[in-house]
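Visitor: First the structure, then my questions, so here it is.
The values are calculated or read from the model by the stated rules, or taken from the named source; none is laboratory data. Since this is a predicted model, take the numbers as computed values, not measurements. For neighbour counting, all protein chains shown are included, and Cβ atoms are generated from backbone atoms with ideal geometry for every residue, glycine included. What goes into the accessible areas is simple: the full protein's heavy atoms, side chains included, and nothing from ligands, DNA or RNA. Shrake-Rupley method; radii C 1.70, N 1.55, O 1.52, S 1.80 Å.
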Amino acid sequence: MNISGNTVFIPGSTSGIGLSLALALRDRGNTVVVGGRRAELLERIAAEHPGIDTVLVDAADPASIDAAAKEVLARHPDLNVLVPMAGVMSAENWHSPASFLATAEATVTTNLLGTIRLIAAFVEHLQRQPDATIMTVSSGLAFAPLKATPTYNATKAAVHMLSESVRLQLADTSVKVVELVPPAVRTALMPGHEDNEAAMPLAEFTAEVIGLIEARPDAKEIQVERVKFLRYGEARGDYDRVVAALNPAGDRADGGDRGE
């Protein structure tokens, strides 16, 4: 992915990593469209950040995705980068279905089905562009589990393998598939994340990501240094140590603010 000259749609980017990345890409000479579920947030972003376009979209609703895709492509027929950023992360207690089933289903719908449906809505258009990119968003927790968030971990592992597989299928097209693999970042993804001293500051994360995209435009994965402890634990042979570091003795099964 080139660092500039793109038209980028980032659904799920009204805050946190998504919005920070949207603003950074705009500042590097890209046309950026921010998508989200809350009209008031989109209006505020458009007012506070000139040059950012906005589209209402709910990644958990197939009809909303279809409508947003039509709107984005009507206004930006040169769209060539899709970043399905929408994601939810909730603590779950799998000792009882009442404590996890509804949350698990909602997490799968947003994190996995949302990504699949968004790609489906744009993949034919992207293949008609001379140079296009789908940037998926997984997590360090795709490679080492946080005890408190089983379904989040599983959906991000699925996004990782989806990225690997779709990249193979689209190798005969103009569409590159790049996977962004965040570590824990100080955002509002879960209660406590914004104040988590162990998490990476958002501005630092975004700056490193932009630097990596610029330095390695053909990269298949965008990995900041801080995620490599999680990403390569199994390859290094210290997977058990990584899992123990993520889940210290005494951590509750129904809470926690490590990882992303």
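Visitor: Quickly run through segment 200-233 and pick out the residues that are in contact with a Phe, Trp or Tyr (Cβ under 7 Å, 6 or more places away or on another chain) and assigned to a helix (DSSP H, G or I).
Guide: Hits for segment 200-233 are LEU230, ARG231, GLY233.
Visitor: Hey, another quick one. When residues of segment 243-260 are filtered for being at pLDDT 95 or above, of a type outside the set (S, T, N, Q) and surrounded by 18 or more Cβ atoms within 10 Å (Cβ to Cβ), how many remain?
Guide: Here the count works out to 1.
Visitor: Of all residues in segment 221-242, which are within 24 Å of LEU162 (Cβ to Cβ), open to solvent by 30 Å² or more (accessible area, probe 1.4 Å) and not acidic (Asp, Glu)?
Guide: Within segment 221-242, ARG226, LYS228, PHE229, ARG231, TYR232, ALA235, TYR239 qualify.
Visitor: If I go through segment 46-69 residue by residue, how many of them are assigned to a loop (DSSP other than H, G, I, E, B), under 20 Å from LEU21 (Cα atoms) and small (Gly, Ala, Ser)?
Guide: Counting residues in segment 46-69 that are assigned to a loop (DSSP other than H, G, I, E, B), under 20 Å from LEU21 (Cα atoms) and small (Gly, Ala, Ser) gives 2.
Visitor: Now, a different point. Consider only pairs whose beta carbons are under 9 Å apart and that are at least six residues apart or on different chains; among these, list those whose first residue lies in segment 194-210 and is over 14 Å from LEU23 (Cα atoms) and whose second residue is of a type in the set (S, T, N, Q).
Guide: Filtered contacts from segment 194-210: GLU194/THR187; ALA199/THR187.
Visitor: Mind listing just one residue for me: the one in segment 114-127 that is of a type in the set (A, V, I, L, M, F, W, C) and touching a residue at least 12 places away in the same chain (Cβ under 8 Å) and, of those, nearest to ARG236 (Cα to Cα)?
Guide: Per the stated criteria, the residue is ILE116.
Visitor: Go through segment 133-142 residue by residue and tally those that are aliphatic (A, V, I, L, M), in a strand (DSSP E or B) and surrounded by fewer than 24 Cβ atoms within 10 Å (Cβ to Cβ).
Guide: So the count comes out to 1.
Results for (1) touching a residue at least 40 places away in the same chain (Cβ under 8 Å); (2) in contact with a helix residue (DSSP H, G or I) (Cβ under 6 Å, 6 or more places away or on another chain); (3) charged (D, E, K, R); (4) assigned to a strand (DSSP E or B), shown as yes or no for each residue.
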| position | (1), (2), (3), (4) |
| --- | --- |
| GLU71 | no, no, yes, no |
| GLY87 | yes, yes, no, no |
| ASN93 | yes, yes, no, no |
| THR110 | yes, no, no, no |
| GLN129 | yes, no, no, no |
| ALA144 | yes, yes, no, no |
| LYS156 | yes, yes, yes, no |
| MET161 | no, no, no, no |
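Visitor: I need a count of the residues in segment 82-121 that are more than 21 Å from LEU141 (Cα to Cα) and either touching a Leu at 6+ places or on another chain (Cβ under 8 Å) or buried (at least 19 other Cβ atoms within 10 Å of the Cβ) (or both).
Guide: 5
Visitor: Looking at GLU164, GLU179, GLU208, which one is closer than 24 Å to LEU79 by Cα, open to solvent by 40 Å² or more (accessible area, probe 1.4 Å) and among the acidic types (Asp, Glu)?
Guide: Result of the check over GLU164, GLU179, GLU208: GLU164.
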